[in-house]
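Data first, discussion second: the structure below is written as structure tokens.
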Amino acid sequence: MSDQSEQSTEGSRQTTYLDWNNSFDVMDKAFENRLFVLIIGPKGTGKTSLVREYVKQKSKELASINFSLRTRESHLVGTKNLIGGNIGFDEGILVKSMKEGNILYLDEINAAEADVLLRLDEALDDRRQIVLKESNGQIIKAKDSWFVIATINPLTHVGTKELPPQILSRFPVRIRLDYPPEDIEYQIIKKHVKNLNESDVLLGIKLANTLRQASAVEELYYSPSIRETIAFAKLLESGVSASESAKIVFGNVYSQWGNVEFQKVNDIIVSMFGI
Amino acid sequence: MQSLQLRNDVLIDIATFLVRRWSGTENITVEFSKIKHSETRLKEKRVLLIPNDQYYGNDFQKYRQYRTSIWYEAMRLKHCKKILSNDHAYGFILNTIETRRIELLGIKIWKGMVEELIFNYTNMWLSRNNLSSIFGKARLVEAFYQYFLFGDIKGEMQPSQFNKVVKAVELAKHVLDEAVKKDHNTMWIESKIPEILKILDLDALISIPLSVPLKGPGLAITPNDFTKAMKQVTKSRKDDFSKFDSKNVLEGKTVIDEFKIIKTENKKNEKKGLNTKSIGIQIPDPSNVDETKIYDQDLINNLKAKFKEWKTGWKEYHFFVGDEFDDEAYLEGYERQFISDLKKSIKTHIVILLDHSSSIADQQIDYKKATLALCEVLAFLKIKFSVYAFNTTKRQVMCWLIKPEDLKWNNSCAKRLAQIPANGGTPLAEVYDKMYPILHSSKPDIFLTLTDGEPSDPFAARSMVKSIKSTGIKMVAIGVGRDTPNATIIATNLKYLGFERTLGVSRLKDIPKKVLNVLGGN
């Protein structure tokens, strides 16, 4: 999943991530003590950005995997191959990262199937090792520097499951990342867009928050992410009017749930920006 | 009793959403009420709107005024600490100043409302009474209202009286400025009301007559009158409203698209063919019922999470088929399928009948919570369904339409469910007889009855079940009992009535799961 920091300001290598809730500090402490970290929060709140930025700061390598219903054990552990008549073994991302001792990032871990989680559980416990039944029972031990960070979306997201308690307990440091307060979100957008129209961008953030609240109480089916407020500011910057940008970024998506849903959101947009 | 008011359903659905979002307050209920002025009851978290036909103008103009009035009520909810009655001078003056305050605070964020507010002001100005038609001290209060909001008065008054009004308005404007600048609330403004009353030389409790919009054939307003009035209104409010396009104010370009969509929705929802009323099924009158009482959000969320995979349409099953997995053979190209995906979705069309006889009276809130959660989940899963309920009202067996098949589940449906009292016996045969034409024409796959007792006439009920079954509809019944043995007895008795499938349930919260399992297994 791409996130806010991915969109860097053109021509500059400056960081676009804003650590507004001191997550870096917590992650540092966890890293020092080798306590695995779990980041919990709805989509588009900057979970992946946080991890990427942290890894960059630590000058470490990042091995990442995005979980879905289709993720198989073999993606994680590896598979046998047949080259020139010889059976070999292609290492999966988990085995590789354990051997190399880098940071492993497990994105949306609660979208994974039970059998996949089972193999993970084996590697994540105190022994930090995995037995490769796929490769003649070879035992892989993780290097000391091996560190794991995982993220989960709240259960209300489609395709997510409750994480089994034994897996949860492997991540004793838990960071909650929610949508930031309005002024912070504005600062985040500022890092991505050079010429900001302050009043319109602030209204855009307010609009996004209004829709997020409606989605939180299930009055709407979708809640806009920080990515979308950044997109809104970018459209404004390139000369699209505020009302048009709001419709394009925030409004039109709701038409997939029918006219009435679309109309409700459109009403809010019109009352904020006019036409 | 009323005919199908689907138009109001869509309007209430949108109005509820808008009030909650504009005000940022959850659990607000919005309803149309036969009152003279729209009002907000802060403690009850209720907004009462006047029926649309009480506004002046054509349908579109009425819609615009209705929409602005929702905005004002939402702003009141957000910014007012208390709302007094308009019946007395004290409350009337406080509310007048508050109207301006909430409006100034509101348009800081909702800038797109400016043109609609001007349109509304123009209509308000046109519909205000001439001062010469108001007698006694109330005239002073009305003059204060007009001069404060519109910068002018309609008609004439004695110079000495007018001076008082000017002075009082000056003070009121000063109070308003300070309140907005220093973020003072309703209580602070209220503390200044006695001073204003003193200038006007008024008793706080004098009655204020109701000012209702003037309507009638002789009072047609020409576009010219309107433009003139609009100029008059905007002249005094130049500083408050940012730039606006007067053509837009007249034509309502900002809201014309949404009005068109509502009209289309309305047409879509118009009942085609069978009229329910003509066959003895009624729709409950819209009333002031708080449907949030029967919302059990935990139960609804639980169910939604549980049945989520039905919504995505995919559930992965792991089958053990064939021989033990042989990796070498697999690598050599011997492929045998070992993971299968099954698509699970429900295309069933279901009609649900809810028993509201007196036997469920003592647990009717929980019963309604469970049945409402069921409807929410069915809507969430996009299953085609309609809901009916029966009870006895004024010694007559009534069959109520809660949700027609072609209407989306919304607040109005929940309200209808909330307002039906549990009363009377269980005359299943009579109710089935009333519903027969609808069942015959709409041909649902399943007709599900939720009941907690024996039908009044089992023989007649059995014969009705038989004739409905003969039309190809699967008859299912769920017996609701107080405990497991009781539920089992009811379910067994229902089986004797000829239902194809009967289930018993003793925990009300299990009702939705049972119904969904019936659907899943169909």
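The values are calculated or read from the model by the stated rules, or taken from the named source; none is laboratory data. Computed from a predicted structure; not experimentally measured. Quick reminder, even Gly has a Cβ in these numbers, built from the backbone with ideal geometry, and neighbours come from all protein chains shown.
Looking only at the stretch A:97-144, residues that are out of contact with any Pro (no Cβ under 7 Å at 6 or more places or on another chain), outside any strand (DSSP E or B) and buried (at least 18 other Cβ atoms within 10 Å of the Cβ) come to 16 in all. Tell me, yes or no, whether the stretch A:254-261 has at least one residue that is in a helix (DSSP H, G or I), more than 19 Å from residue A:43 (Cβ to Cβ), without any contact (Cβ under 8 Å) to a residue 12 or more places away in the chain and touching an Asp or Glu at 6+ places or on another chain (Cβ under 7 Å). Scanning the stretch A:254-261, I find at least one residue that is in a helix (DSSP H, G or I), more than 19 Å from residue A:43 (Cβ to Cβ), without any contact (Cβ under 8 Å) to a residue 12 or more places away in the chain and touching an Asp or Glu at 6+ places or on another chain (Cβ under 7 Å), so the answer is yes.
To keep it simple, each residue is scored yes or no on (1) in a loop (DSSP other than H, G, I, E, B); (2) at pLDDT 90 or above; (3) out of contact with any Cys (no Cβ under 6 Å at 6 or more places or on another chain); (4) basic (Lys, Arg).
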{"position": "A:148", "(1), (2), (3), (4)": "no, yes, yes, no"}
{"position": "A:158", "(1), (2), (3), (4)": "yes, no, yes, no"}
{"position": "A:188", "(1), (2), (3), (4)": "no, yes, yes, no"}
{"position": "A:194", "(1), (2), (3), (4)": "yes, no, yes, yes"}
{"position": "A:202", "(1), (2), (3), (4)": "no, yes, yes, no"}
{"position": "A:214", "(1), (2), (3), (4)": "no, no, yes, no"}
{"position": "A:221", "(1), (2), (3), (4)": "yes, no, yes, no"}
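Looking at residue B:107, is it free of Cβ contacts under 8 Å to residues at least 40 places away in the same chain and either within 14 Å of chain A (Cβ to nearest Cβ) or under 30 Å from residue A:207 (Cα atoms) (or both)? Here the answer is no, as residue B:107 does not meet what is asked. Annotation: residue A:65 fulfils all but one of (1) surrounded by fewer than 16 Cβ atoms within 10 Å (Cβ to Cβ); (2) outside any loop (DSSP other than H, G, I, E, B); the unmet one is (1).
Please verify whether residue A:208 is crowded, with 21+ Cβ neighbours inside 10 Å, away from every other protein chain (no Cβ under 14 Å), in contact with a helix residue (DSSP H, G or I) (Cβ under 9 Å, 6 or more places away or on another chain) and part of a helix (DSSP H, G or I), treating the condition exactly as stated. No, not satisfied. Anything in the stretch A:113-133 that is under 19 Å from the mean Cα position of the chain (by Cα) and modelled with pLDDT under 85? List them, or say none. Within the stretch A:113-133, A:113 is the sole residue that qualifies.
If the condition is being within 15 Å of the chain's Cα centre (by Cα) and of a type in the set (A, V, I, L, M), then the stretch B:36-50 contributes B:47, B:48, B:49, B:50.
The single condition among (1) in a loop (DSSP other than H, G, I, E, B); (2) outside the structural domain of residue A:34 (by TED's automatic domain parsing) that residue A:162 does not meet is (2). The single condition among (1) touching a strand residue (DSSP E or B) at 6+ places or on another chain (Cβ under 7 Å); (2) among the acidic types (Asp, Glu); (3) within 14 Å of chain B (Cβ to nearest Cβ); (4) under 27 Å from residue A:41 (Cβ atoms) that residue A:162 does not meet is (1). Of the strands (runs of 3 or more DSSP E) lying entirely inside the stretch B:1-58, those containing at least 2 residues that are modelled with pLDDT of 85 or more and away from chain A (no Cβ under 14 Å) span B:39-41, B:46-49.
Within the stretch A:246-263, identify whether any single residue is under 21 Å from residue B:247 (Cβ atoms), within 29 Å of the chain's Cα centre (by Cα) and away from every other protein chain (no Cβ under 11 Å), and answer yes or no. No, the stretch A:246-263 contains no residue that is under 21 Å from residue B:247 (Cβ atoms), within 29 Å of the chain's Cα centre (by Cα) and away from every other protein chain (no Cβ under 11 Å). Being more than 14 Å from every other protein chain (Cβ to nearest Cβ), surrounded by fewer than 20 Cβ atoms within 10 Å (Cβ to Cβ) and over 17 Å from the mean Cα position of the chain (by Cα) is a property that residue B:90 lacks.
Whether a residue is free of Cβ contacts under 8 Å to residues at least 40 places away in the same chain, buried (at least 19 other Cβ atoms within 10 Å of the Cβ) and not small (Gly, Ala, Ser) was assessed, and residue A:76 does not pass this test. The residue that is surrounded by the most Cβ atoms within 10 Å (Cβ to Cβ), counting only those in the stretch A:264-275 that are of a type in the set (A, V, I, L, M) and facing another protein chain (nearest Cβ under 7 Å), is A:270. Here residue B:143 clears all of (1) farther than 23 Å from residue B:81 by Cα; (2) surrounded by fewer than 21 Cβ atoms within 10 Å (Cβ to Cβ); (3) among the hydrophobic types (A, V, I, L, M, F, W, C) except the condition numbered (2).
If only one of B:444, B:427, B:455, B:437 is modelled with pLDDT under 85 and touching a Ser or Thr at 6+ places or on another chain (Cβ under 8 Å), which one is it? Full working, then the answer.
Details: B:444 fails: modelled with pLDDT under 85; B:427 fails: modelled with pLDDT under 85; B:437 fails: touching a Ser or Thr at 6+ places or on another chain (Cβ under 8 Å).
Of the residues listed, the single one that is modelled with pLDDT under 85 and touching a Ser or Thr at 6+ places or on another chain (Cβ under 8 Å) is B:455.
Residue count for the stretch A:231-245 under the criterion of being crowded, with 23+ Cβ neighbours inside 10 Å and within 11 Å of chain B (Cβ to nearest Cβ): the result is 1. What are the residues in the stretch B:465-522 that are in a loop (DSSP other than H, G, I, E, B) and under 27 Å from residue B:434 (Cα atoms), if any? Residues satisfying the conditions are B:470, B:471, B:472, B:473, B:481, B:497, B:498, B:499, B:500, B:522.
For the stretch B:425-453, the set of residues classified as more than 21 Å from residue B:489 (Cβ to Cβ) and not in a helix (DSSP H, G or I) consists of B:443, B:444, B:445, B:446, B:447, listed by residue number. Counting only residues that are in a strand (DSSP E or B) and of a type outside the set (A, V, I, L, M, F, W, C), which one in the stretch B:382-400 is surrounded by the fewest Cβ atoms within 10 Å (Cβ to Cβ)? Taking the candidates together, the pick is B:396.
A residue that is of a type in the set (Ser, Thr, Tyr) and either under 19 Å from residue B:499 (Cα atoms) or at pLDDT 85 or above (or both) cannot be found anywhere in the stretch B:399-421.
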